[in-house]
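Novice: Below you'll find the structure I mean.
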Amino acid sequence: MKEDDVIICRCEEITESEIVEAIRQGARDVDAVKRMTRAGMGMCQGRTCSLLIRRILCRELGLQGKNLPPVTTRPPVRLVPSKAFRVAENGEE
């Protein structure tokens, strides 16, 4: 396995070479890499890979981490009422 074939985003199986290619095509922050590759859009929502993506961006662009904008957070698409999580003592609602 080549060094740049290391999987960075385990959820979406995105490799380092795919992230580097996205940067070469114009990605300048984590959100742009996310849009171009789907890295960070899996089950963990970037909790595992976003720091690695930031490091790759800094390395490829010659930046320090403080110069990268923070990742945009988004609320859920549909609100879930809190009563949906309530369970009665006997297991019924």
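Each value in this text was obtained by applying a stated rule to the coordinates, not by laboratory testing. Just so it is clear, the model here is predicted, and its values are computed rather than measured. We place every Cβ from the backbone using ideal geometry, glycine too, and count neighbours over all the protein chains shown.
Novice: Pull up all non-local amide H partners of CYS9: gap of 5 or more, or a different chain, and H-to-H distance under 5 Å with H placed in the peptide plane.
Specialist: Close amide H contacts, sequence-distant or interchain: ILE14.
Novice: Based on other C-beta atoms within 10 Å, arrange THR72, THR37, THR48 from fewest to most.
Specialist: By the 10 Å Cβ count, ascending, the order reads THR72, THR48, THR37.
Novice: Would you kindly derive the ³J(HN,Hα) couplings of segment 45-53 from the backbone phi angles with the Karplus curve 6.51 cos²θ - 1.76 cosθ + 1.60 (θ = phi - 60°), listing them in order in whole Hz, with x for Gly and Pro?
Specialist: After applying 6.51 cos²θ - 1.76 cosθ + 1.60, I find 6, x, 4, 8, 9, 4, 5, 5, 5 Hz.
Novice: Further, regarding this structure: Using the Karplus equation 6.51 cos²θ - 1.76 cosθ + 1.60 (θ = phi - 60°), what ³J(HN,Hα) coupling, rounded to whole Hz, does each residue of segment 13-22 give in order, writing x for Gly and Pro?
Specialist: Values per residue, Gly and Pro as x: 6, 9, 8, 4, 5, 5, 5, 4, 5, 4 Hz.
Novice: Another question, if that's okay. Grab every C-alpha pair in segment 3-85, bin the distances at 10 angstrom width from 0 up to the longest one, and report whole percents.
Specialist: In order of increasing distance, the bins hold 18, 48, 22, 9, 3 percent.
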